[in-house]
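Visitor: If you scroll down you'll find the structure; I have some questions about it.
The values are calculated or read from the model by the stated rules, or taken from the named source; none is laboratory data. Quick caveat, the model's predicted, so the values are computed rather than measured. A quick note on method: Cβ atoms are made from the backbone with ideal geometry, for glycine too, and the neighbour counts reach across all protein chains shown. Keep in mind that these areas ignore ligands, DNA and RNA; they rest on the heavy atoms of the full protein, side chains included. Shrake-Rupley method; radii C 1.70, N 1.55, O 1.52, S 1.80 Å.
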Amino acid sequence: MKMPLSWLKKQAPFRASVEEMTDALIRLGHEVEGVERPRHAVRGVRVGRILAKRPHPNADRLSLLEIDVGAEAPLSIVCGARNMDVGDKVPVATVGTELPGGLKIKKGKIRGEASHGMCCSEAELGLAEHADGLMILPPDAPVGMEVGEWLELEEAVLELSITPNRGDCMSARGLARDLAADMDVPLAAAVAPAIAVDAQTRAPGLAVDAGADCPCYLARRIEGVRLGAAPAWMRRGLRDAGMRAVNGIVDVLNYTMLFLGQPMHAFDADKLSGALQVRYARKGERFVALDGRELTLTDEDLVIADERKVVALAGIIGSMDSAVDERTTNLVLESAYFAPARISRARRHHGLVTEASMRFERGVDPAMVEVAMAQASRTILDLFGGRASELARHGDAHAINAGRTIHCRLSAIEARLGVALDSRADAVLRRMGFHLRRDGDRLEVEVPPFRHDVALPEDMAEEYARIIGFDRVPERLPTLLPGAQAGLDDAVHAAVAQGAVQVISYAFIAPEEQRHFVRDSAGDLLLSNPISDAMRVMRRSLWPGLLRVARHNLNRQANGVHLVEQGRIYERREELSERPMLAWLMAGEAVQDQWYAKARMVDFFDIKGQVDGWLSARRLSARWQADDDSMGLQPGQAARIVLGKRCVGRAGKVAREVAQSYGLDLPVYVAELDLSALPPAKRPRFTPLPEFPAVQRDLVFLCGREVRAEELLRVVMRAGGRLLQEARVFDVYQGQGIPEGKVSIGVRILLRDAARTLTQEECDRLCDTVVAAVAEQCDGALR
Amino acid sequence: MTELASLRTQLEQLRNEAMDAIAGAGDLARLQQVRVAFLGRKGSLTEVLKGVGRLDPAARPLLGKDVNRLKETLNKALAEREQELRLEAERARIEAERVDVTLPGRCPARGALHPLQQGLDEITEIFLRLGFRVAEGPEIEDEFHNFDALNIPPEHPARAMHDTFFFPDGHLLRTHTSPVQIRAMRRLLADGNEPPVAIVAPGRVYRCDYDMTHSPMFHQVEVFQVGEGISMAHLKGVLKHFLTRYFGRDLPIRLRPSYFPFTEPSAEVDIGCVFCDGAGCRVCKQSGWLEVLGSGMIHPHVLRAVDIDAARYSGYAFGLGVERLVMLKHGIPDLRLFFENDVRFLRRMGS
């Protein structure tokens, strides 16, 4: 909300500087986001009276003026304008002044005659775009006074962010009331000006049937208005306050609203038929709003109607065909109170936000219903003439929200704030309109009707807090018993420790990306109001997000990427499910060219190493089962990751067409673990270090290509029995020297007895057993 | 010429030959051959000594002395030469193994934690050390937990300000981490416990707002404590402690009255601008202050929504915007960098 400072000053005579007022507003909870200065008064331009005028001896178009600017001697000024005469008052820029256009006034000679200043036009003062001749000031302008000061040219506009609980502060009056109470400046009384009522003009007929949703409705007819534009000062004021000028009547109503906080509406009386009604709409009733939108109403909507049609959605917007326009001569003015919840519901249902709805749904000051009506009527009559009727009246605004009382305990308020209350706060609250009665620890508060936000003792705590100021609250650190809290989740940290770069991507992706890795769409969760189609569905895999990041980076000259992301996936199963996942992506070069090594593209065992390494940090060891039917992964390079009997994730090479859909022509490998499916990390258990040396033997087998390493090792381990401590594949070879369809697998075994040193013969025997088992169960021969 | 003299001449000759051979041995293996050739069991000296038998017994000790002297001389020469050769070999080895120490080392590729992750960790850690416990909640929420229980009824204007993402069935993506308050307190009571309770709840939140300064997904950390006698003073104490720890220096803080439906009183929290130290700059719009979070005393309606006796217990709550805190701490100018995930940025900021 924009609030010109001069408007506040019209409500209370603030003498403080803009900075002091800004600070006070912030302290009171009215955030000042900035201060605009739409007009700077020029300094050094004074009101001057022309004492003498004679033609310039050397130039036909110029005059020589003698001007009194309140100085000891009059100034001689050479002037090119023609519209001034002796006795006129004009703005005189004295020597040293800089005008808004950047012109600096210097003493000078124009065609041989000395000139000690410059007479100004409105354009030269920055008041108008164009000007013909000098600005002639009114006769009562005091000679010698700064023109800017006399014209009130200077303005500071506060850019405020009024919180939604403070509808009462969405006006100059409401804001000034808060500020004046705090700064102890008297607030001007809000008195309804007297209106000369024309007995011949009949008040509009009125029937209100809306219960508590419209406890008060005032209407007045004004006939014979000669509608013109609002005066310049009013239009300038509206512009300062961030509103557009529309037409004379609407501008007056807006101006009144901005000052008093009471939204009003005007109907063209000649476009109404019969009495006004305030009633609930009939379901399906239609009406075209002022902004041209056609609304279909529900029986929840409160409307203003005449005998034939709906003419306004109450408190929000009027209809197009009852609106005031430049041909309007007869008006009906409305000033009313509508219940906030009713307005809020209609506003949300129809998606309409107007200046009026913003105020009504936050709650307006009931006392202003009548004042605003009188003020607006008076202004319209003054500016545009016309004859005003008596008021048609429903209900009494003064009864609205009146007499609400809160019972507080002062000690409870002090306990909540952690600070003692003082008597200044009570005085400020009284100036804000609260009635306070103290009785020992008890405090009885009667809340002013415009404070819709105050209903509980805790609300009074807030009132005291903002008056006392949070800076008075001491800082105290609570004592907490440390709980048995485990440390932070370190899932992603362990992956980063293995060289991955962590990324964070959006939880929503494009539906077609979802289909790359998740076959059925039944479990998809689609947003009703996504930012875009590319962010429509909640992800069921982290891979699409990682692929996008890979594309971003590989397009920016990265040779390879190694990414990890931790985040949730979202599905509708029987119920909504959110599961924490950890996912990796490796693409392009796993190793770059180095002076000690050649570059190498990433392969399956890079990604597998990442996952197995990560698991081993938790002392977990997974089994990898080939899976040729893994959605989005290339058959033959895809696997299920199994812990115990449970599949906890999958990994593999991204299918070529999927990678290419992200513009990736490099090998891309991904893996994903469901963190919620993992058993807790195993704790380490102590075992004594071996006392006797181990014997290492390498056995190289020639096996069929179908033999799986895991299977081979299992056979080896089982055959080796108790003494075989460890077996691992140290070499895999196919190619020259190896028959077609065969593969050479080197297994390194470690033999050890905990109680003694093994003999050569024992080791040989054990190896023979192992070799025999492999021959029998894997059809593998020792090479 | 006597036998003795002849033998002595032979010894002298042998000595000369041996000394030449020792000096001429180019490596340790050659030197060993020299040793064997002259002093070995079948070496030249043994050959010479075969003539001792022909010697007059009286002359034998004389020759013996000469032989011993010769052996001593040769052994010494051999030892010296050996030492020399060893040094030479070591020098040669060192020279052969010389490397260019300016070549880059073999270093396993370093990963990087996302700066937001670091921020979340740092923030959470500060509260963990104070004795707070970590809680989490679902990101797909219902209106009750996200709004109603937090004293934001449907017609409330604040509800419209949340720019909520909805699902067709009425569920929504949580717009803040505050629903964790509701869930954590309900669980506390369901488990048969009572306050005091102190929770830190980091998490992702969503608003449908997407431009230069808004991301539709961002991170918050919800912090709250409920117990007997908890006041605004505790809120200020915890805030001051947190902000001092997080920014690593004693920054001025300012609480401004504000409005949140779920707190009463409510306060926006500003810190002295970390860029200009309060002097006024572009970032703080010349105000000297930076808004960092919203806070307040938990509204009694919220406590009542979870069946906690609001007359007996009170509490404070605040929600931290992680992106903003990380941007301020590290001088990151643009929110979008966090979600663009450019590896160059992540590595630079990463740890």
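Visitor: Within segment B:142-150, does at least one residue satisfy the condition of being facing another protein chain (nearest Cβ under 10 Å), touching a Pro at 6+ places or on another chain (Cβ under 7 Å) and not in a helix (DSSP H, G or I)? I'd like the intermediate steps shown before the answer.
Guide: Start the filter on segment B:142-150 by keeping residues that are facing another protein chain (nearest Cβ under 10 Å), which leaves B:142.
In the following step, the residues that additionally are touching a Pro at 6+ places or on another chain (Cβ under 7 Å) were identified as none.
So far as segment B:142-150 goes, no, none of its residues is facing another protein chain (nearest Cβ under 10 Å), touching a Pro at 6+ places or on another chain (Cβ under 7 Å) and not in a helix (DSSP H, G or I).
Visitor: Which residue out of A:Arg623, A:Arg600 is open to solvent by 60 Å² or more (accessible area, probe 1.4 Å) and closer than 24 Å to A:Pro684 by Cβ?
Guide: A:Arg623
Visitor: Residues of segment A:581-593 being surrounded by 17 or more Cβ atoms within 10 Å (Cβ to Cβ) and either within 9 Å of chain B (Cβ to nearest Cβ) or at pLDDT below 90 (or both), which ones? Reasoning before the result, please.
Guide: Taking segment A:581-593 first, the residues surrounded by 17 or more Cβ atoms within 10 Å (Cβ to Cβ) are A:581-590.
Passing the criteria: only A:Ala590.
Visitor: Another one. In segment B:107-139, what residues are part of a loop (DSSP other than H, G, I, E, B) and open to solvent by less than 20 Å² (accessible area, probe 1.4 Å)? Before the answer, list the steps.
Guide: Taking segment B:107-139 as the starting set, the residues that turn out to be part of a loop (DSSP other than H, G, I, E, B) are B:107-111, B:113-114, B:131-132, B:135-139.
Within segment B:107-139, B:Gly111, B:Leu113, B:His114, B:Gly131, B:Phe132, B:Ala135, B:Gly137, B:Glu139 meet the criteria.
Visitor: Moving on to the next point. Can you find a residue that is open to solvent by 40 Å² or more (accessible area, probe 1.4 Å), within 14 Å of chain B (Cβ to nearest Cβ), of a type in the set (Ser, Thr, Tyr) and not in a strand (DSSP E or B) anywhere in segment A:403-413?
Guide: Yes.
Visitor: If we scan segment A:740-756, do we find a residue that is at positive phi, assigned to a helix (DSSP H, G or I) and either of a type outside the set (Asp, Glu) or surrounded by 15 or more Cβ atoms within 10 Å (Cβ to Cβ) (or both)?
Guide: no
Visitor: Hey, can you tell me all the residues within segment B:111-132 that are within 7 Å of another protein chain (Cβ to nearest Cβ) and either free of Cβ contacts under 8 Å to residues at least 24 places away in the same chain or more than 21 Å from B:Leu325 (Cα to Cα) (or both)?
Guide: B:Gly111, B:Gln117, B:Asp121, B:Glu125, B:Gly131
Visitor: Tell me which of these A:Phe701 doesn't satisfy, since it passes every other one: (1) part of a strand (DSSP E or B); (2) at pLDDT 95 or above.
Guide: (2)
Visitor: Check A:Leu666, A:Leu673, A:Leu689 and return the single one that is assigned to a loop (DSSP other than H, G, I, E, B) and under 30 Å from A:Met631 (Cβ atoms).
Guide: The conditions single out A:Leu666.
Visitor: Something else: What is the residue count in segment B:339-351 for residues that are open to solvent by less than 10 Å² (accessible area, probe 1.4 Å) and either away from every other protein chain (no Cβ under 13 Å) or under 28 Å from B:Ile199 (Cβ atoms) (or both)?
Guide: 0
Visitor: For segment B:205-229, what are the residues that are at the interface with chain A (Cβ under 7 Å from one of its Cβ atoms) and either over 30 Å from A:Ile509 (Cα atoms) or open to solvent by 10 Å² or more (accessible area, probe 1.4 Å) (or both)?
Guide: B:Cys208, B:Tyr210, B:Gln225, B:Gly229
Visitor: Let me ask another. Spot the failing condition for A:Glu571; the list is (1) within 30 Å of B:Cys208 (Cβ to Cβ); (2) within 12 Å of another protein chain (Cβ to nearest Cβ); (3) in contact (Cβ under 8 Å) with a residue 60 or more places away in the chain, and only one is missed.
Guide: (3)
Visitor: Regarding A:Phe517, is this residue surrounded by 21 or more Cβ atoms within 10 Å (Cβ to Cβ), in contact (Cβ under 8 Å) with a residue 24 or more places away in the chain and closer than 22 Å to A:Ala677 by Cα?
Guide: The answer is yes for A:Phe517.
Visitor: Kindly state which strands (runs of 3 or more DSSP E) lie completely within segment A:85-135 and contain at least 3 residues that are crowded, with 16+ Cβ neighbours inside 10 Å.
Guide: On the way: elements: A:89-94, A:108-110, A:113-115, A:117-119.
The qualifying strands (runs of 3 or more DSSP E) are A:89-94, A:117-119.
Visitor: Scanning segment A:340-355 for residues that are in contact with a Gly (Cβ under 9 Å, 6 or more places away or on another chain) and among the aliphatic types (A, V, I, L, M), which turns out farthest from A:Met257 (Cα to Cα)?
Guide: Selected residue: A:Ala346.
Visitor: Out of curiosity, is A:Pro13 over 24 Å from A:Asp140 (Cα atoms), open to solvent by 60 Å² or more (accessible area, probe 1.4 Å), part of a loop (DSSP other than H, G, I, E, B) and touching a residue at least 60 places away in the same chain (Cβ under 8 Å)? Walk me through it before giving the result.
Guide: Working: over 24 Å from A:Asp140 (Cα atoms): no; open to solvent by 60 Å² or more (accessible area, probe 1.4 Å): yes; part of a loop (DSSP other than H, G, I, E, B): yes; touching a residue at least 60 places away in the same chain (Cβ under 8 Å): yes.
No.
Visitor: I would also like to ask the following. Could you check segment A:147-259 for helices (runs of 4 or more DSSP H) lying wholly inside it with 1 or more residues that are surrounded by fewer than 17 Cβ atoms within 10 Å (Cβ to Cβ)?
Guide: A:147-150, A:232-240
Visitor: Hey, another quick one. Filter segment B:171-203 down to the residues that are open to solvent by 30 Å² or more (accessible area, probe 1.4 Å) and either outside any helix (DSSP H, G or I) or of a type in the set (Gly, Ala, Ser) (or both) and list them by number.
Guide: Scanning segment B:171-203 gives B:His171, B:Ala190, B:Asp191, B:Gly192, B:Asn193, B:Glu194, B:Pro196, B:Pro202.
Visitor: Residue pairs, Cβ under 7 Å, 6 or more apart or interchain, first in segment A:552-564 and more than 7 Å from chain B (Cβ to nearest Cβ), second in a helix (DSSP H, G or I) and buried (at least 17 other Cβ atoms within 10 Å of the Cβ). List them.
Guide: Pairs found: A:Leu563/A:Leu546; A:Leu563/A:Val549; A:Leu563/A:Ala550; A:Val564/A:Val492; A:Val564/A:Ala495; A:Val564/A:Val496.
Visitor: Of everything in segment B:247-272 that's open to solvent by less than 20 Å² (accessible area, probe 1.4 Å) and outside any strand (DSSP E or B), which residue is farthest from the other protein chains (Cβ to nearest Cβ)?
Guide: Restricting to residues being open to solvent by less than 20 Å² (accessible area, probe 1.4 Å) and outside any strand (DSSP E or B), the top hit is B:Leu251.
Visitor: Mind checking whether some residue in segment A:620-638 is touching a His at 6+ places or on another chain (Cβ under 7 Å), part of a loop (DSSP other than H, G, I, E, B), touching a residue at least 40 places away in the same chain (Cβ under 8 Å) and closer than 26 Å to A:Val496 by Cβ?
Guide: Yes: one or more hits.
Visitor: Kindly indicate which of A:Ala461, A:Ala425, A:Ala420 is part of a loop (DSSP other than H, G, I, E, B), among the aliphatic types (A, V, I, L, M) and more than 30 Å from A:Gly560 (Cβ to Cβ).
Guide: Of A:Ala461, A:Ala425, A:Ala420, the one residue that is part of a loop (DSSP other than H, G, I, E, B), among the aliphatic types (A, V, I, L, M) and more than 30 Å from A:Gly560 (Cβ to Cβ) is A:Ala420.
Visitor: Can you give me the ranges of the helices (runs of 4 or more DSSP H) entirely in segment B:1-106 with at least 1 residues that are closer than 30 Å to A:Trp595 by Cα?
Guide: B:60-96
Visitor: Of all residues in segment B:146-161, which are closer than 29 Å to B:Lys240 by Cα and surrounded by 20 or more Cβ atoms within 10 Å (Cβ to Cβ)?
Guide: Correct list: B:Asn146, B:Phe147, B:Ala149, B:Leu150, B:Asn151, B:Ile152.
Visitor: For A:Arg43, work out the one condition from (1) under 30 Å from B:Asp270 (Cα atoms); (2) touching a helix residue (DSSP H, G or I) at 6+ places or on another chain (Cβ under 9 Å); (3) among the charged types (D, E, K, R) it doesn't fulfil.
Guide: (1)
Visitor: Could you list all residues from segment B:300-338 that are over 22 Å from B:Leu255 (Cβ atoms), surrounded by fewer than 18 Cβ atoms within 10 Å (Cβ to Cβ) and not aliphatic (A, V, I, L, M)?
Guide: B:Arg304, B:Asp307, B:Asp309, B:Arg312, B:His330, B:Gly331, B:Pro333, B:Asp334, B:Arg336
Visitor: Among the residues of segment B:285-325, which ones are of a type outside the set (A, V, I, L, M, F, W, C) and assigned to a helix (DSSP H, G or I)?
Guide: Correct list: B:Pro300, B:His301, B:Arg304, B:Glu323, B:Arg324.
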